[in-house]
Amino acid sequence: MSGTPQQPQRSRFWLIASLCLNFFLIGLIVAGLVVARARMIAGAASGGEGNLPPEVIVQLLPPSGAAKMCAVIGANTESFRSLGRALVDARREVFRAFRAEPFDGAAFKAALERATSAQIALVQLRQNIALQVTEKLDASERQELSRKLVQRFFSGGRRERAEHRGLRELCAASGVTPR
């Protein structure tokens, strides 16, 4: 008869232990979701098109490839500036049309279309520069870049913190100064 009263106490222990473990695991899942959301927001804020900034590419290229990339960027700097200004102006126009009283739907739509066209032109310039750089790199430079990209982003482990240097500084170190 002494075995009967202890059965409920044992089951209570396992119930409490199970509940504690469940709460702990739920906390881990929530923490993971919060961190993932923060990374997603940070990625979107830093140009979330999935493109690597040119500073990262210049750091991963061998010195000869970095010089070639900086030369291409230098040759296209004015185009970047003009298209960037056009995009900023188009976005300002969108906000002006949005705030206008009385609201004009046609003007707002036209402003959105101009902003979209400006953004597309900027993306096309980036693609053109990427193509120019890739065409100038030789096979060994492309292989070294791809090896370093895989090592840095797909190695599965924590990557080392890279120093954050500006594009001008990196290009100056490679011997080419963009305008």
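The set of residues in region 124-179 being crowded, with 16+ Cβ neighbours inside 10 Å, within 20 Å of the chain's Cα centre (by Cα) and modelled with pLDDT under 85 consists of L167, L170. Just one of the listed residues (R96, R91, R114) is out of contact with any strand residue (DSSP E or B) (no Cβ under 8 Å at 6 or more places or on another chain) and either modelled with pLDDT under 90 or exposed (fewer than 13 other Cβ atoms within 10 Å of the Cβ) (or both), and it is R96. Residues that are hydrophobic (A, V, I, L, M, F, W, C) and out of contact with any helix residue (DSSP H, G or I) (no Cβ under 9 Å at 6 or more places or on another chain) do occur in region 97-113, at least one of them.
The values are calculated or read from the model by the stated rules, or taken from the named source; none is laboratory data. Values in this document were obtained by computation on a predicted structure and should not be read as measured data. Reconstructed Cβ throughout: ideal geometry from the backbone, glycine too, with neighbour counts over all protein chains shown.
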